[in-house]
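To keep things clear, I will list the structure first and then write my remarks on it.
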Amino acid sequence: MTSRPSSQSGYTVILIDNAMLPPPPPPSNWPKCYPIVYHNIEADFTNEDFKKKLRRSYFLFKFYFVTLLANSIADIAISITYLSGAQIVSQIIASALYLFLMPIGDFFLRHMSLYYGYKMNSEMMFRYYFLGEAIVIIFGLFIGIGFVNDGSSGTLGAVKLFERGYYVAGVFTGIFLVLDVVQTILHIILTAQVCPFVFRGGVNDSC
């Protein structure tokens, strides 16, 4: 920005050099149906290792949604087996809220924390990321074993269902359990890869 005196006294002409201004923030592009945040792994990062881990993290966000969807279907199948009409409707509403809130929390707390941790080299963002991973892993273990809702869709619930001959609900529960085990293992692996200093004895400035 420069200024020069005007030919008329008392006035100053200000010239603004646009090249000196910071670039405007990129437009929001996620989710595509209603963009509220900017998210572009390929454009924001040149480090291939960062890209690889962020792609895996984003894949796990989508896999987490599929796992939660399977859990909701299993819960609804169990509700149809055990409960009355009003209780089934209540379970469907609860499952819909569950599917809406949990993936959003995973995306913003866990995945985007890793995204900005790499982008800004922010120790605080990495802490939020590890907090998000801890929540996902611990929750996955609890719901997989069946401590949540008295074992409704976990291993404990699946055993009860097959013992009582409710095979349809048992199969849906089994599908959820497979997905839950896989996603929990993948989250543990990614967490170990993000911070080798902690998990493998390597060196990582962000840890």
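The values are calculated or read from the model by the stated rules, or taken from the named source; none is laboratory data. Computed from a predicted model, the values in this text were never measured in an experiment. FYI the Cβ positions are ideal-geometry reconstructions off the backbone, even for glycines, and counts take in every protein chain you see.
Per-structure values
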{"quantity": "Residues being modelled with pLDDT under 80 and either exposed (fewer than 14 other Cβ atoms within 10 Å of the Cβ) or assigned to a helix (DSSP H, G or I) (or both) - total across the range 63-85", "calculated": "3"}
{"quantity": "Residues located in the range 153-169, provided they are at pLDDT 80 or above, closer than 14 Å to Ala70 by Cα and crowded, with 22+ Cβ neighbours inside 10 Å", "calculated": "Ala158, Ala169"}
{"quantity": "The range 35-62 - residue that is of a type in the set (A, V, I, L, M) and touching a strand residue (DSSP E or B) at 6+ places or on another chain (Cβ under 9 Å) and, of those, surrounded by the most Cβ atoms within 10 Å (Cβ to Cβ)", "calculated": "Val37"}
{"quantity": "Number of positions in the range 12-41 that are assigned to a helix (DSSP H, G or I) and modelled with pLDDT of 95 or more", "calculated": "1"}
{"quantity": "Residue in the range 86-96 that is surrounded by 15 or more Cβ atoms within 10 Å (Cβ to Cβ), more than 12 Å from the chain's Cα centre (by Cα) and within 18 Å of Leu190 (Cα to Cα) present", "calculated": "no"}
{"quantity": "Every residue from the range 131-150 that is modelled with pLDDT of 90 or more, buried (at least 19 other Cβ atoms within 10 Å of the Cβ) and either more than 28 Å from Ile78 (Cα to Cα) or of a type outside the set (A, V, I, L, M, F, W, C) (or both)", "calculated": "Gly132, Glu133"}
{"quantity": "Candidate set: the range 31-75, residues that are of a type outside the set (Ser, Thr, Tyr) and in contact with a Ser or Thr (Cβ under 7 Å, 6 or more places away or on another chain); chosen: the one nearest to Ile137 (Cα to Cα)", "calculated": "Asn71"}
